[in-house]
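Step one of this worksheet: look at the structure below.
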Amino acid sequence: MNKPMLIKNGRIIDPSQNLDVIGDLLMTDGAIKEIASDIKKMPTDCTILDAKGMIVCPGFIDLHCHLRQPGFEEKETIATGSKAAAKGGFTTICCMPNTDPALDNKATIDFIKATAASEACIRVLPIGCITKSRAGKELADMGELAEAGVVALSDDGSTIADSRIMKQALEYSLIFGLPISDHCEDAMLSEGGQINEGIIATRLGLKGIPNAAEENVIARDIALAKLTGARIHICHISSEGSVELVRNAKKDGVNITAEVTPHHLTMDEEMVLDFDTNAKVNPPLRTQKDIAALVAGLKDNTIDIIATDHAPHTDNDKLCEFAVAPFGISGFETAMGSLMKLVHNGDIEINLLISKLTAVPAKIIGSKFSNLGTLKQGTAADITIFDPDTEWTVDVKDFYSKGRNTPLNGHKLKGRVMTTIYNGKIVYKDNSVKLGV
Amino acid sequence: MYAGLPLAGNVTVRGFFMAKKVIMTEADIKRTIARISHEIVERNKSSENIILVGMRTRGVPLAKRLASNIESFEEMRIPVGILDFSLYRDDISSRDIPLVIKSTNIPSSVDGKVIVLVDDVLYTGRSARAALDAIIDLGRPLSIQLAVLVDRGHRELPIRADYVGKNIPSSKDEEIEVRLTETDEIDEVAIIPKPGREG
Amino acid sequence: MEAVEQIKAIDLKDENAQPVQKIWKHKHILDLDDFTPSEIDLVMQTTAAMHEILSRPIKKVPTLRGKTVVTLFYEASTRTRSSFELAAKNLSADISNLTVSSSSVTKGESLIDTLETMEALGADIIVIRHLNSGAPNLASKHVKASIINAGDGWHAHPTQALLDMYTILKYKKSIKNLKVTIIGDIIHSRVAHSNIWSLTKMGADVTICGPSTLLPKGMDNPLPYFPKVRVTTNINDAIKDADVVMGLRLQLERQQSGLLSSIREYARLYQITEERLLKANKGVIVMHPGPVNEDVEIASTVAHGDKSVINEQVTNGVAVRMALFYLLAGGSHNE
């Protein structure tokens with residue numbers, strides 16, 4: 001089934017081996033076979049993909065997305081979400097447990113795994129709840145969840161408000177070595193909030209969400225992580241102050257990692273002018289000053305990875321008054337194009353960007369997954385091929401995701417995923433890519 | 001009170017570059033206004049109870065001129081009012097409408113008065129119809145009369161003027177252009193071919 | 001204080017009538033942030049003409065015969081609704097009123113659904129009052145009718161700000177360089193927001209004043225998103241040398257949400273009183289969008305005193321709304 005394939009003339013970048021060469025990559029039986037400057041000897045029946053001018057790297061890994069199944073299949077399913085992810089260059093995605101029912105027991109995790117096995121075109125790894133029903137009151141059976149195969153624990157959009165429960169959750173998680181993926185939001189401070197607190201909120205007459213709503217909880221959980229020695233992974237950090245908190249915690253030896261989304265790195269609060277509900281996201285888009293701090297955090301590795309927080313909603317969900325609209329941006333299919341802006345602007349190096357989408361996220365979900373996010377010989381052939389210079393205009397009508405909720409519709413992006421290969425099989429191919437034999 | 005809007009010059013698109021034929025000169029206009037002044041007093045037996053009401057825009061200076069003429073031989077003050085009948089037009093939603101409106105301003109009650117509406121050109125009669133409605137909404141005058149400098153025909157409503165300066169038979173493809181020093185820096189009436197409608 | 005009666009002084013000077021569209025570009029009235037000074041001027045001038053109609057024995061003109069105005073109120077407000085209704089009736093429009101109770105909102109009938117129904121019923125102009133900021137903006141993107149914002153959330157209340165300006169112009173020659181102080185719950189006040197836009201556009205010197213919990217965020221560096229105004233928590237500084245002092249309605253539940261310590265302390269610190277007004281400029285006028293919580297925002301002696309123009313604001317509201325209906329009614333933007 002997995003025929004051999006040769007990718008020719010691409011710029012092969014694999015941060016896991018500090019590799020950045022122009023050459024060929026051969027895969028056979030769904031695994032990486034060889035990387036060399038010019039592979040002449042190929043198996044019979046080998047498909048050839050000319051990647052001249054393109055970048056060939058390990059398939060992207062997304063540690064934070066929402067596939068909405070079970071419970072909200074009108075917004076997304078494992079099938080549509082994984083297809084959209086493949087189009088965005090992702091070969092491994094970790095789905096958050098804010099489904100209905102929530103992923104807080106073995107049965108629901110088994111459901112995800114079974115559905116993914118039969119319907120997903122890429123690897124889907126579930127994240128389990130920290131507390132039962134994400135209610136923040138009683139701990140979920142983390143042992144059962146770990147055995148069932150979750151890669152992290154998170155109550156996702158619901159911060160555990162009770163510090164005692166959070167402390168105990170961190171302590172308990174130590175038994176299983178699972179990272180706690182932490183959505184940090186002081187719900188009292190952000191109550192009723194719609195967008196970043198500041199002049200745009202003033203202009204639009206919308207209630208603001210102050211940076212402190214995020215920083216408060218990050219500070220608390222750094223203290224708790226330090227106290228317990230547990231691993232915390234801070235989700236979608238958005239403010240300058242948050243970057244500083246994580247930076248200091250790392251200096252302090254706290255077992256902490258952090259992620260940032262493409263939208264927080266590339267868009268500011270101005271996107272909501274004109275009440276665009278598609279730019280309504282939590283945490284909210286902040287300011288240029290925050291963006292500069294987030295980029296700096298990426299560069300000095302304060303921020304370890306980039307995750308999409310892909311949060312699909314239906315058109316109808318977003319077609320309403322701003323305060324009524326749900327938070328979230330459909331992010332898979334614009335992630336790479338958005339992020340390349342940082343590279344084209346000279347803000348970050350392409351190799352660093354790729355590492356934060358491949359090798360580093362693989363490391364965060366544990367040694368069990370050390371064969372992911374790499375092009376080492378013998379590992380699964382999960383490969384993303386993208387053209388860094390192709391310009392294209394986002395048109396949500398072309399989305400594979402059911403969620404067309406992006407403020408980028410109609411925007412021009414530079415950098416486009418051309419082919420995504422999962423286990424040696426092409427799961428997404430742009431129309432412009434021609435295959436040879 | 002509000003000071004008024006600085007308007008950007010004369011905005012009428014009246015083909016100044018086209019061939020035009022002057023029908024009435026400054027002297028003609030002066031003579032005509034003098035004649036109409038006498039007719040108004042004659043017809044109404046006296047100048048008492050008369051209010052001259054200028055229909056915006058060019059009816060207003062004409063009403064003022066008529067009043068000062070009458071004042072010169074009757075030796076009494078003739079009240080002059082301004083009527084903005086934009087709100088009574090029957091073509092509000094059509095092209096180039098609505099117009100910027102100004103206050104209607106009539107110095108006393110119209111009840112029991114002889115109202116002489118003054119306009120520059122009588123054409124379809126629709127403006128006069130609107131003006132009649134506007135006056136009647138203000139009260140119950142003894143009578144309403146209509147004075148115009150030019151009657152060019154082509155009536156679409158059963159309306160006629162009581163005082164006419166000059167009858168100018170015209171084609172619908174032509175425009176009658178009345179220019180007055182108060183609004184246009186010169187006194188003349190000209191006939192010009194209709195400019196093509198703007199896109 | 002009696003308005004100076006200037007209507008009788010007839011100025012026969014007249015400019016040529018010109019189409020409104022040369023100045024007016026609005027299909028909808030959502031806020032004043034996108035109004036040009038000329039457009040605001042035009043509204044003022046048209047309002048003056050409408051005001052004259054209101055002084056007549058027959059206050060009705062046939063201008064909007066055959067047009068349908070629908071008021072769609074998601075928040076009860078008899079005053080504002082009546083004002084729009086009278087304005088529409090004075091212009092001979094057909095009007096129908098719809099008050100949407102919160103019950104049908106919870107039933108899941110969306111704003112868009114309701115608007116589509118309105119439009120199917122032939123509405124040419126839809127007047128919306130809504131508890132959520134931006135609801136009229138949303139509406140304007142989905143219907144062909146013109147939308148007038150009659151107040152949305154904390155966002156904007158453009159017709160109120162325009163009537164406030166018209167009222168000010170009855171007493172002051174020009175808005176330019178006028179010192180206007182707005183006092184109270186600024187952050188939650190759509191009236192304050194729209195007034196800040198219109199007044200600053202016309203060159204006024206605006207000061208906002210209130211307890212720091214009720215002042216808007218980001219005002220130290222607001223450009224280009226919001227006008228620059230002076231911000232103070234000290235009412236005496238705010239009133240000093242003011243030509244216009246505007247109070248705002250205080251929602252009494254602000255105390256429960258911890259934004260105020262008590263209504264009593266608010267009144268002590270921020271009430272517009274005779275004594276505080278002594279520091280204002282001669283001829284100062286006192287305004288309030290109503291309804292007033294007397295002896296909270298404004299001392300009752302001031303609200304009913306000779307500096308107050310509060311009742312006049314109500315009358316002017318009808319004239320302003322007539323003017324806006326007229327300006328929206330015709331012309332190419334409706335085609």
Size of the dipole of chain C about the Cα centre, Lys and Arg at +1 and Asp and Glu at -1 on the beta carbon, nothing else charged, in debye to 20?
300 debye
So if each residue of separation counts as 0.36 nm, and I subtract the Cα-Cα distance between A:Met188 and A:Asp430, what length gain in nm does that give?
82.5 nm
Which aspartates and glutamates have a Cα lying under 17 Å from the Cα of A:Lys41, excluding residues fewer than 8 positions away in the same chain?
A:Asp24, A:Asp29, A:Asp50
Sort A:329-339, C:167-177 by packing, meaning the average of other beta carbons within 10 Å per residue, with the highest value first.
A:329-339, C:167-177
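So for C:Thr159, A:Thr393, A:Thr44, B:Thr104, fewest C-beta neighbours within 10 Å to most, what's the order?
Values: C:Thr159 26, A:Thr393 12, A:Thr44 7, B:Thr104 23.
Ordered by Cβ neighbours within 10 Å, fewest first: A:Thr44, A:Thr393, B:Thr104, C:Thr159.
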Would you mind classifying chain C by shape? Square roots of the alpha carbon gyration tensor eigenvalues, ordered a ≥ b ≥ c; an a/c under 1.5 is rounded, otherwise it is prolate if a/b is larger than b/c and oblate if not.
oblate
Restricting the calculation to Cα positions, tell me the Rg (one decimal) and the Dmax (whole number) of segment B:21-193 in Å.
15.4, 45
Can you return the aspartates and glutamates within cross-link range of A:Lys226? Criterion is Cα-Cα under 18 Å, with same-chain partners fewer than 8 residues away left out.
A:Asp162, A:Glu171, A:Asp182, A:Glu215, A:Glu244, A:Asp252
What's the exposure ranking of A:His264, C:His304, going from fewest to most Cβ atoms within 10 Å?
C:His304, A:His264
Kindly provide the helix-only [θ] at 222 nm of chain A, computed as the sum of -39,500 (n - 2.57) over DSSP H runs of four or more divided by all residues, to the nearest 500 deg cm²/dmol?
-8000 deg cm²/dmol
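Roughly speaking, what is the stretch gain from C:Gln256 to C:Asn281, that is 0.36 nm per residue apart minus the C-alpha to C-alpha distance, in nm to one decimal? Walk me through the intermediate numbers first.
On the way: separation 25, 0.36 × 25 = 9.00 nm, distance 3.61 nm.
So the chain would gain 5.4 nm between C:Gln256 and C:Asn281.
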Relative packing of peptides C:220-227, A:148-155 - highest average C-beta neighbours within 10 Å first:
A:148-155, C:220-227
Gap separating the Cα centres of segment C:156-193 and segment B:19-56, nearest whole Å
47 Å
Once both labels are modelled 7 Å past Cα along the beta-carbon direction, what's the B:Leu157-B:Arg31 spacing in nm?
3.3 nm
Over the whole of C:59-68, what's the average partner chain Cβ count within 10 Å per residue? Rounded to a whole number, please.
4
As I understand it, the dipole of the protein assembly as shown uses +1 on the Cβ of Lys and Arg and -1 on the Cβ of Asp and Glu, about the Cα centre. Which of A:Met271, A:Phe327, C:Ser257 lies farthest toward its positive end?
A:Met271
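Taking 0.36 nm per intervening residue step and subtracting the Cα-Cα distance, what contour gain separates A:Asn248 from A:Glu73 on full extension? Could the numbers behind the result be given before it?
Numbers: separation 175, 0.36 × 175 = 63.00 nm, distance 4.10 nm.
Extending this stretch completely gives an extra 58.9 nm.
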In debye to the nearest 20, the charge dipole size for segment A:118-269, taken about the Cα centre with +1 at each Lys and Arg Cβ and -1 at each Asp and Glu Cβ, equals 260 debye
For the protein assembly as shown, size of Cβ-based charge dipole, Lys and Arg +1, Asp and Glu -1, in debye:
1100 debye
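Once you order the gyration tensor axes a ≥ b ≥ c over the Cα atoms, which shape class does the protein assembly as shown get: rounded for a/c under 1.5, otherwise prolate or oblate by comparing a/b with b/c? Working shown, then result.
Working: a/c = 3.20, a/b = 2.03, b/c = 1.58.
In terms of gyration-tensor shape, prolate.
Students often get this wrong, so check it: of C:Lys144/C:Lys201; C:Lys22/C:Lys307; A:Lys33/A:Lys429; A:Lys341/A:Lys425; C:Lys141/C:Lys172, which have C-alpha atoms separated by over 27 Å? Could the numbers behind the result be given before it?
Details: C:Lys144/C:Lys201 29 Å; C:Lys22/C:Lys307 38 Å; A:Lys33/A:Lys429 21 Å; A:Lys341/A:Lys425 29 Å; C:Lys141/C:Lys172 38 Å.
Violating the 27 Å limit, Cα to Cα: C:Lys144/C:Lys201; C:Lys22/C:Lys307; A:Lys341/A:Lys425; C:Lys141/C:Lys172.
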Put in order of increasing Cβ neighbours within 10 Å, starting from the fewest, A:Val260, A:Val394 give A:Val394, A:Val260
Helix hunt in chain C: which complete DSSP H runs extend at least 18 Å axially by C-alpha with mean Kyte-Doolittle at least -1.0?
C:37-54, C:158-171, C:310-329
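Each reported figure results from applying straightforward, stated rules to the coordinates on display, with no laboratory input. No experiment lies behind these values; they were computed from the predicted model shown. Glycine gets a Cβ as well: all are built from the backbone with ideal geometry, and neighbour counts include every protein chain shown.
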